């Protein structure tokens, strides 16, 4: 199959009709029909049946789509990489950042950076642990800041600081003046869990396994700031990174240390074969200073 045939087949399969596929591709319906007929003739199989005015994929089409979808996404990735290359420049920094560091730390660093370098522009992408390598490889970002990024031969990492996990809870849920809680203390509480949390989730899971307890998880969310919002409304407690806790803390939330401490590393990461520019290196130094200053702040509100 040629690339155009892959594109047309993917559009028809995903949209369910010739007309919808034509709109998605911004071409005429006859053009889509012609390519689809030629593809079926060339492959020697029927890809769609017309059922009540809608194209229904055949079993052969379902099998083919699994392969075509992978190719389609790789082509899309290639196009995105080409666009990112075209838009890159010496005075432009593309940053990938985990959500919790984007709440307060990065905004302050960007403000400080622009005060001395007002001509520099930024492209900031929110990424999760599993996105780090892909975002760098596809040039969505030049540098990524995250928690214990995955180890990879092409990835260069620099540890900026060590941070802690903390418990956030509705104000007064635990006795006043308590300095810390253990994982076991959380067992009887309604817990807001955070899925897809990468290495931090692994740290919490290991602590839970060591304590040999089961959490009473009442909700599961994708990001720590959503967990914090649920805690703020009284839905339960949550274990989050200290940056999220400080950025989202209010008079209605207690932030309490965990004992023993659960720690994780905060890293800058970039591709080994794409060394950092002087501007990017300067940004890393500012992030390092901001992070180290932040972790010295008191944990309990």
### Inter-site label distance for residue 34 and residue 51 at 7 Å from Cα along Cβ, in nm
3.0
### Query
Under the definition of Cα pairs under 8 Å and six or more residues apart, what whole-number percent is the relative contact order of the chain?
20
### Query
For region 223-301, rounded, prolate or oblate, judged on the Cα gyration tensor with a ≥ b ≥ c (square roots of eigenvalues), a/c < 1.5 rounded, else prolate if a/b > b/c?
prolate
#### Entry: Convex hull of Cα atoms in the chain, direction-averaged projection (nm²)
20.9
### Task
Could you rank the peptides 3-12, 33-42, 248-257, 112-121 by their average count of other C-beta atoms within 10 Å per residue, with the highest value first?
3-12, 248-257, 33-42, 112-121
### Message
Could you give the length gained by full extension between residue 162 and residue 292, i.e. 0.36 nm per residue of separation minus their alpha carbon distance, to one decimal place?
### Response
46.0 nm
### Query
Which whole-number percentage describes the relative contact order of region 3-81, with Cα contacts under 8 Å and a sequence gap of 6 or more?
28
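Under the 0.36 nm per residue contour assumption, what length would be gained going from the current alpha-carbon distance of residue 62 and residue 3 to full extension? Don't jump to the answer; show the numbers that get you there.
Details: separation 59, 0.36 × 59 = 21.24 nm, distance 1.83 nm.
Gain on extension, residue 62 to residue 3, equals 19.4 nm.
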### Message
Taking 0.36 nm per residue of sequence separation and subtracting the Cα-Cα distance, how much length would be gained by fully extending the chain between residue 70 and residue 43, in nm to one decimal?
### Response
7.8 nm
### Summary
Quick calc: nm separation of the 7 Å Cα→Cβ label points for residue 206 and residue 285 -> 3.3
### Query
What's the exposure ranking of 224, 13, going from fewest to most Cβ atoms within 10 Å?
13, 224
#### Entry: Packing-based exposure ordering (other Cβ within 10 Å, fewest first) of 66, 292, 139
66, 292, 139
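Once you sort the root eigenvalues of the Cα gyration tensor of region 163-264 as a ≥ b ≥ c, which label holds: rounded (a/c under 1.5), prolate (a/b larger than b/c) or oblate (the other case)?
Working: a/c = 1.31, a/b = 1.15, b/c = 1.14.
In terms of gyration-tensor shape, rounded.
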### Query
Where does each of 242, 217 land when they are ranked from fewest to most other beta-carbon atoms within 10 angstrom?
217, 242
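Read-outs throughout are calculated quantities, based only on the coordinates presented, and are distinct from any laboratory measurement. Here the structure is a predicted model, which is why all the values come from computation and not from measurement. Here the Cβ is made from the backbone with ideal geometry for all residues, glycine too, and neighbour counts use every protein chain on show.
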